[in-house]
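Okay, structure first, notes after.
The values are calculated or read from the model by the stated rules, or taken from the named source; none is laboratory data. All of these numbers come straight from a predicted model, not from anything done at the bench. Cβ sites come from the backbone with ideal geometry, for glycine too, and all protein chains shown count toward neighbours. Just the protein is used for accessible areas: all its heavy atoms, side chains included, with ligands, DNA and RNA removed. Shrake-Rupley method; radii C 1.70, N 1.55, O 1.52, S 1.80 Å.
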Amino acid sequence: MKDEICKDYDNLSIDTKIIKNFRGISHTIMHNSEGKGSQSRILIILLENKEVSQRALTKHLGIQPGSVSEVLKKLEDNGLINRLASEDDRRTSILSLTAEGEEAAKKALSHKDQLYNEMLEILDEKDKQELLTLLEKLNDDWDHKYHHKHKHKKKKGE
């Protein structure tokens, strides 16, 4: 994790070293995989769920509705997805894959799986299980500590 900016890495606290490593790992993951609302990510979500409302997809991705609409338009124009009005609520679009979209989604999923395997190949199964246990413990704690505060502040300020 040493770099030109952090020449004194060895003298940092262990907490700071851990967070710096999380930042480095996060950067690597974001740089090497699809972004929040990438076409590949949306195709994979549709492959795994068969049909999804545009509203649910937007909420799941955590990005602006306009950004999702823009990506969906490209996917639709390329013949990869179908967008139909919901029978229950005509204002809601239901998204599904075309046959071409399903093939593209399978390729994207295979690429993602290959990338994830490559990223973690240095770890054996025992290391992976130990890391997963620690990450889940941190994630649960941080979700409780920080997401509740963020949601609470958001609601309070509305």
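Just a few scattered comments:
- Against the main long axis of the alpha-carbon atoms of the chain, helix 148-157 sits at an angle near 60°.
- Within the accessible area of the chain (1.4 Å probe), percent carbon and sulfur: 52 percent
- Between the amide H of Leu97 and those of Asn82, distances stay under 5 Å, these residues lying 5 or more places away or on another chain, with hydrogens modeled in the peptide plane.
- Taking amide hydrogens as placed 1.01 Å from N in the peptide plane, the amide H of Thr92 sits under 5 Å from those of Ser86, each at least 5 positions away in sequence or on another chain.
- Computed helical MRE - 222 nm, the chain, DSSP H runs ≥ 4 contributing -39500 (n - 2.57), nearest 500: -20500 deg cm²/dmol
- Sparsely packed GluC sites (Glu not before Pro) within the range 14-122, loop by DSSP, other Cβ within 10 Å at most 16: Glu87, Glu121
- Fluctuation leader among Ile122, Ile19, Ile94 - the chain, Gaussian network, Cα springs under 10 angstrom: Ile19
- Pairwise centroid distance, computed over Cα atoms, of the range 100-152 with the range 56-82, Å: 23 Å
- Split the chain at each of the trypsin sites (Lys or Arg not before Pro) in a DSSP loop with at most 16 other beta carbon atoms within 10 Å, and the longest piece is 92-158.
- The structure shown yields P(r) over Cα pairs in 10 Å bins from 0, in percent, and of the options [x] 9, 26, 30, 25, 10, 2, 0; [y] 11, 43, 36, 9, 0; [z] 11, 39, 38, 12, 0 that calculated value carries the label [x].
- Among Asn32, Asn21, Asn82, residue whose mean-square fluctuation peaks in a GNM of the chain (springs only between Cα atoms under 10 Å): Asn21
- The chain - accessible surface per residue (Å², probe 1.4 Å): 78 Å²
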